[in-house]
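The values are calculated or read from the model by the stated rules, or taken from the named source; none is laboratory data. If you're wondering where the values come from, they're calculated on a predicted model, not measured in any experiment. Positions of Cβ are generated from backbone atoms using ideal geometry, with glycine treated the same way; all protein chains shown enter the neighbour counts. Heads up: the accessible areas ignore ligands, DNA and RNA and are worked out on the full protein's heavy atoms, side chains in. Shrake-Rupley method; radii C 1.70, N 1.55, O 1.52, S 1.80 Å.
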Amino acid sequence: MHTPEQPIVVLGGGPAGMATALSLMTAGHSAVIYERYPQARPAGNILNLWPPPIKALAAMGVDTHDLGAPCHSTFRSASGHVRADIRIPSEVIRQYGGGFIGMLRPDLYRRMLAALPEGMLRVDTEVTGIADRGDHVELTLKDGSRTTTPLLVGADGIDSIVRARLWGASPKREHRLHIIGGYTFAEVPGTEKGEAIISHNRTVQGSYTAIRSDGRDGYQWWTLEACDPDAAAPADLRAHALRLSQGFGPLPALIEATPDAHVQRWVIRDRVPLKRWSKGRITLAGDAAHATSPYAAYGAGMSIGDGYFLGQLLAGVDLADTAAVRAVLDRYDALRIPHTTAQVQQAYILGRMFHHAPALLRPLRDAVLDHTPMLQKQVGERSPREIVEQLDEMGAGILSPAR
């Protein structure tokens, strides 16, 4: 086993990086997170998690009690017609606090940061050079110093330097979509408590879910539409979202009740999924491996899952054994790439179907969604089945893998 003076280095202090370090620690390894910024900071304000990442977080020692608001999820037309009902098994809801957990992203960061032991997170630490030496990885830091690690995990986001080092440059894929989202703790008439409502009209998605934060109940909301990614952002985000939200039930009132400081915008981009993540003693996790559109509502959840499985696979492995390390990383790729690739591609396809269909085809599309079980089969039935399969695949814990 490697010594504590040579911990596994995880590059990036987001959910993927923190989850990976916590999982590795649970598995009996020493780990350290290098974060280039002065602090680990959330990229965004609103978030939803499904049961598998909730299970993973708890297994890593993160406090998941009352982390968010449990929600039942439906896809609907703007008029309220239910196109897909995501029915999570009652046992899963009982065990993990809900099917879809609505929360604020900063709350997740605080919970994960609180679980990190002192010294695990090293901020203002930027890596500028990476060299796999066969029996270790040598890192050069921005200040010119060098350090070594038995394993490097690139959890450094969509602009990952580790991904570029392993697999070369790859262009970002523009979805030509943007989201404006926010949250409020105001009581708004007409909202449905305990629900995640994902609604569409011909060109816009207008949605909201319940949230819970520090004992307060509220709602997060978002509007999503096609955009020119190179164009300037709307001058008044809340006013623009309010215009888009007309006809979506209580959504305009939620937006009206939201302070400007609680509103943000994201242009949606990803990268075409890789066929391999790992090479030698280096691998990827989170957005570095599988940046995805929020249409999957699963980017952070998949990132947490990466960390969970990497720790589980490395439990009991001698990191000085290069063959053993490479075999583990091969299994990690085989386990995670098919699942994450499917989610990334489904999110991309859904975005195109709802927001880039030719105008003449939109009435036909909506008629199919309203009068056939297509979306129920593709989302309403497939999602619960995949969630149960993921929970089974995770086993009882990081030290108790599925047989």
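In order along segment 176-184, the Karplus-derived 3J(HN,Hα) couplings, from 6.51 cos²θ - 1.76 cosθ + 1.60 at θ = phi - 60°, round to 6, 9, 9, 10, 10, x, x, 8, 8 Hz, and Gly and Pro are given as x.
Between the beta carbons of residue 110 and residue 269, assuming R0 = 30 Å, the FRET efficiency works out to 0.65 to the nearest 0.05.
What does the convex hull of the alpha-carbon atoms of segment 218-315 project to on average, in nm²? Please list the in-between numbers first.
Working: hull surface 37.4 nm².
Mean orientational projected area (segment 218-315, Cα hull): 9.4 nm².
If you take the Cα centroid of segment 1-74 and the Cα centroid of segment 105-150, the two points sit 14 Å apart. Taking the longest Cα principal axis of the chain as reference, the axis of helix 362-371 is set at about 90 degrees. Between 308, 170, 372, the Cα set farthest toward the positive side of the dipole of the chain (charges on each charged residue's Cβ, about the Cα centre) is that of 372. For segment 211-260, the fraction of C-alpha pairs more than 12 angstrom apart is 69%.
Between the listed residues 179, 207, 157, the Cα displaced farthest toward the positive end of the dipole of segment 143-214, a dipole computed from Cβ unit charges relative to the Cα centre, is found at 157. Heavy-atom accessible surface of the chain, averaged per residue, reaches 42 Å², computed with a 1.4 Å probe. Just so you know, the Rg over Rh for segment 5-49 is 1.03, from Cα atoms, with Rh as the Kirkwood radius. For the chain, a simple Cβ point-charge model (Lys and Arg +1, Asp and Glu -1, everything else neutral) yields a dipole of about 880 debye relative to the Cα centre. Taking 242, 360, 329 as the candidate residues, the one with maximal mean-square fluctuation in a Gaussian network model of the chain, Cα springs under 10 Å, is 360.
What size of dipole, in debye to the nearest 20, comes out for segment 269-350 about its Cα centre when the only charges are +1 on Lys and Arg C-beta atoms and -1 on Asp and Glu C-beta atoms? Could you put the intermediate results ahead of the total?
Numbers: 9 positive and 7 negative charges, 50 e Å.
In debye, rounded to 20, segment 269-350 gives about 240.
Of 251, 119, 262, which is farthest along the charge dipole of the chain in the positive direction, counting Lys and Arg as +1 and Asp and Glu as -1 at C-beta? Highest projection toward the positive end goes to 251. Determine which residues of segment 149-163 fall in the zone a paramagnetic label at residue 326 would reach in this model, i.e. backbone nitrogen under 19 Å from the point 7 Å along Cα→Cβ. Hits in segment 149-163 for residue 326 at 19 Å: 149-154.
Note down the magnitude of the dipole of segment 14-155 about its Cα centre, charges +1 on Lys and Arg C-beta and -1 on Asp and Glu C-beta and zero elsewhere, to the nearest 20 debye. Before the final figure, lay out the partial values.
Values: 14 positive and 13 negative charges, 99 e Å.
Rounded to the nearest 20 debye, it is 480 debye.
Shown here: the chain, whose C-alpha atoms stretch 60, 46, 39 Å along the first, second and third principal axes, sorted largest to smallest.
The helix-only estimate of mean residue ellipticity at 222 nm for the chain, built from DSSP H runs of length n ≥ 4 each weighted as -39500 (n - 2.57), is -10500 deg cm²/dmol after division by the residue total. Take the chain, connect every pair of alpha-carbon atoms lying under 10 Å apart with a spring to form a Gaussian network, then pick out the residue of 323, 342, 231 with the largest mean-square fluctuation. Comparing 323, 342, 231 in a Gaussian network model of the chain, the most mobile one is 231.
Element breakdown for the chain at a 1.4 angstrom probe: carbon and sulfur atoms account for 53% of the accessible area. Of the residues 282, 158, ranked by 1.4 Å probe accessible area with the largest first, the sequence reads 158, 282.
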